[in-house]
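Following: one structure in structure tokens, then a few remarks.
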Amino acid sequence: MNIGYFMPHYGAGQVVTPAAAAANATINKDDEYVMCSNIGTNVCYVEIGLTGAVTATTADMVIPAGQQVLIRKGKGMDQISHISAAGTTLHIVTGHVPNT
């Protein structure tokens, strides 16, 4: 898939600061994709799931510093958990990929 076809849900973007302890952010449950852009200088990890049932660890999806990752999620999933041992900055936005 070419991520150039990703259509963000404008107004749904948020900047979070992953740290040594996992933290969660609420995301749009109806969008199918989450674009994660690590705009910081350290690696981070994310896990997507349901409220109360998601806690990121270093065994989850890695997002290297300076990189973007497009993740397809299940409908209804409304939380993204993030963690970074050294700390970083992560921009997340939900959206969709149109049929092409």
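A few comments on the model shown:
- Residue ID - farthest from the chain's Cα centre (by Cα), chosen from residues in the stretch 83-100 that are within 22 Å of Tyr10 (Cβ to Cβ), surrounded by 15 or more Cβ atoms within 10 Å (Cβ to Cβ) and not hydrophobic (A, V, I, L, M, F, W, C): His96
- Members of the stretch 36-66 found to be in a loop (DSSP other than H, G, I, E, B), within 12 Å of the chain's Cα centre (by Cα) and of a type outside the set (A, V, I, L, M), listed by number: Asp60
- Residues that are of a type in the set (S, T, N, Q) and either over 11 Å from the mean Cα position of the chain (by Cα) or part of a loop (DSSP other than H, G, I, E, B) (or both), drawn from the stretch 19-35: Asn28
- Qualifying position, being among the charged types (D, E, K, R) and crowded, with 18+ Cβ neighbours inside 10 Å, among Asp30, Asp60: Asp60
Bear in mind that the values in this text are calculations on the coordinates, not laboratory data. Note that the structure is predicted; figures quoted are calculated from it, not measured. When we count neighbours, we look across all protein chains shown, and the Cβ atoms used for this are built from the backbone with ideal geometry, even at glycine.
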